[in-house]
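Here's the structure we're looking at; comments come further down.
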Amino acid sequence: MAHSLRNFLQKQSRLFTGLFLGLSAFSTYFCMYAFRKPFAAGQYQDIFLWGVDYKIILVVAQVLGYATAKGLGIKIVAEVKPQQRILYIIGMIVYSEINLLMFALVPAPDNWMFMYLNGLGLGMIYGLVFSFLEGRRITDLLGAGLAVSFIVSSGIIKSIARFAINLGISEFWMPFIVGLCFFPLLVLSVWAMNQVPKPDEQDKAERVERVPMFAKQRKKFMKKYGLGMSLLVIIYVLMTIFRDIRDNFGVEIWQELGITDISVFSETEVIIGIAISGMTGAAYLIKNHKMALWFNHFMIFSGCTLMLLATFSYNNHGSTGYWWMVLTGLGLYMVYVPFNGMLFDRLLAALKERGNVGFLFYTADFCGYLGSVIVLLIKNFGKNNLSWLSLLNAFAQLLPTLCIILVISSYFYFNQIFNQKSNSGINLLGTLNRAQ
């Protein structure tokens with residue numbers, strides 16, 4: 001059956017094959033969120049461990065597991081061979097589901113460790129899924145579809161999780177049950193994604209061939225472009241902090257805003273997802289890789305500006321809390337989404353560097369999740385008593401301001417790099433002409 005499907009796809013148009021791959025990747029990552037986010041829909045009230053609110057413990061534990069996996073992913077995802085991807089994905093999902101079962105069986109609060117192990121199992125999935133998509137002429141379109149997946153899936157899964165709780169399923173068993181329901185579809189989606197033909201010769205010519213990056217290659221790349229990468233990584237760290245607070249404590253934030261309808265999670269994220277898919281997909285129309293890179297920089301700048309304007313309007317009673325959450329969420333993902341593959345894919349192509357997105361993405365992601373953990377711990381042990389809504393509001397003013405400065409700096413840095421490459425090429429051509 002697998003051989004027949006692969007032969008069928010090889011005979012189809014690039015558009016059909018791309019659509020099939022995009023839908024398979026979308027479904028795979030959507031299902032992954034059923035193993036990651038259901039627990040965040042619970043509130044776990046009146047439970048503490050070491051003087052820390054139990055839900056903060058769970059969030060920090062899973063994020064630390066994610067951060068650990070991202071650190072390992074800098075090496076593993078960068079070096080993984082194509083034929084190993086499907087086994088890695090399914091194996092990690094099974095491992096994460098086993099830990100959700102243990103989370104349900106072991107009494108709280110002693111079960112927190114299984115949330116760490118759950119995050120450890122899931123932290124490399126995105127990079128493995130994106131490795132099926134990168135290095136293609138339609139990577140921007142495929143990345144747009146995948147971006148919609150991780151935007152809408154979190155909200156929809158949390159709505160499903162709240163529905164399960166309302167049916168009487170305990171907050172501790174609910175994550176395992178939700179994950180179990182999505183497991184068959186996940187396996188089917190990963191299998192389908194694995195049947196799609198690899199990038200062809202024209203893909204390799206236009207996007208630069210994607211190859212594993214071992215320690216020597218990773219060190220060489222960072223030595224050449226370390227400052228520019230640092231500027232981009234810091235932007236990602238700041239937006240990861242904002243995203244994690246908005247995502248993990250969305251139930252509490254919406255309640256502070258006076259909204260308790262469980263559909264609000266899926267409703268708002270679908271609106272954002274549709275808007276973001278159009279913006280990121282538009283990058284496909286830009287064939288020049290350097291211009292596409294600047295388009296991603298412009299998206300980041302515009303997203304930060306939108307977050308600031310939306311927060312100013314809300315704080316001055318110019319908009320409701322509902323639209324503040326929608327618009328700051330839209331601005332957040334205008335910044336966040338390009339880092340999840342598209343920006344780095346175009347960066348490698350524009351620089352004409354052989355490598356893969358996995359190394360760059362996991363370097364940024366590892367730092368981002370560590371930053372998120374630090375902020376959560378400061379929130380819990382700090383002397384201020386800011387609510388989650390107040391904290392999100394403060395960050396919606398501070399973090400975008402810092403990111404605007406960083407993205408402008410990144411533009412000037414990489415523009416200088418391109419000018420140097422262009423000048424060296426002209427000098428080399430002149431030397432060859434004189435030699436003739």
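The values are calculated or read from the model by the stated rules, or taken from the named source; none is laboratory data. Given the structure is predicted, the values throughout are model-derived calculations rather than measurements. For neighbour counting, all protein chains shown are included, and Cβ atoms are generated from backbone atoms with ideal geometry for every residue, glycine included.
Summary of values
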read-out: Matching residues in region 248-275 - criterion: being within 21 Å of residue 62 (Cβ to Cβ) and surrounded by 22 or more Cβ atoms within 10 Å (Cβ to Cβ); value: 248, 249, 250, 253, 265, 269
read-out: Residue match in region 315-330 (condition: assigned to a helix (DSSP H, G or I), at pLDDT below 80 and of a type in the set (A, V, I, L, M)); value: no
read-out: Single residue of 383, 379 found to be modelled with pLDDT under 95, of a type in the set (Lys, Arg) and not in a loop (DSSP other than H, G, I, E, B); value: 379
read-out: Among (1) touching a helix residue (DSSP H, G or I) at 6+ places or on another chain (Cβ under 7 Å); (2) modelled with pLDDT of 80 or more; (3) of a type outside the set (Val, Ile, Thr) - the single one residue 420 does not satisfy; value: (1)
read-out: Flag if residue 123 is under 25 Å from residue 283 (Cα atoms) and among the small types (Gly, Ala, Ser); value: no
read-out: Scope region 213-269; condition outside any helix (DSSP H, G or I) and over 18 Å from the mean Cα position of the chain (by Cα); matching residues; value: 213, 214, 257, 258, 259, 260, 261, 262, 263
read-out: Filter result for residue 104 (buried (at least 24 other Cβ atoms within 10 Å of the Cβ), in contact (Cβ under 8 Å) with a residue 40 or more places away in the chain and of a type in the set (A, V, I, L, M, F, W, C)); value: no
read-out: Boolean, residue 168 is at pLDDT below 80, assigned to a loop (DSSP other than H, G, I, E, B) and surrounded by fewer than 23 Cβ atoms within 10 Å (Cβ to Cβ); value: no
read-out: Restricting region 44-94 to residues that are part of a helix (DSSP H, G or I) and among the charged types (D, E, K, R), the residue that is surrounded by the most Cβ atoms within 10 Å (Cβ to Cβ); value: 70
read-out: Residue count for region 296-320, restricted to those that are in contact with a helix residue (DSSP H, G or I) (Cβ under 7 Å, 6 or more places away or on another chain), aromatic (Phe, Trp, Tyr) and farther than 25 Å from residue 414 by Cα; value: 1
read-out: Residue match in region 138-156 (condition: closer than 15 Å to residue 33 by Cα and more than 15 Å from the chain's Cα centre (by Cα)); value: yes
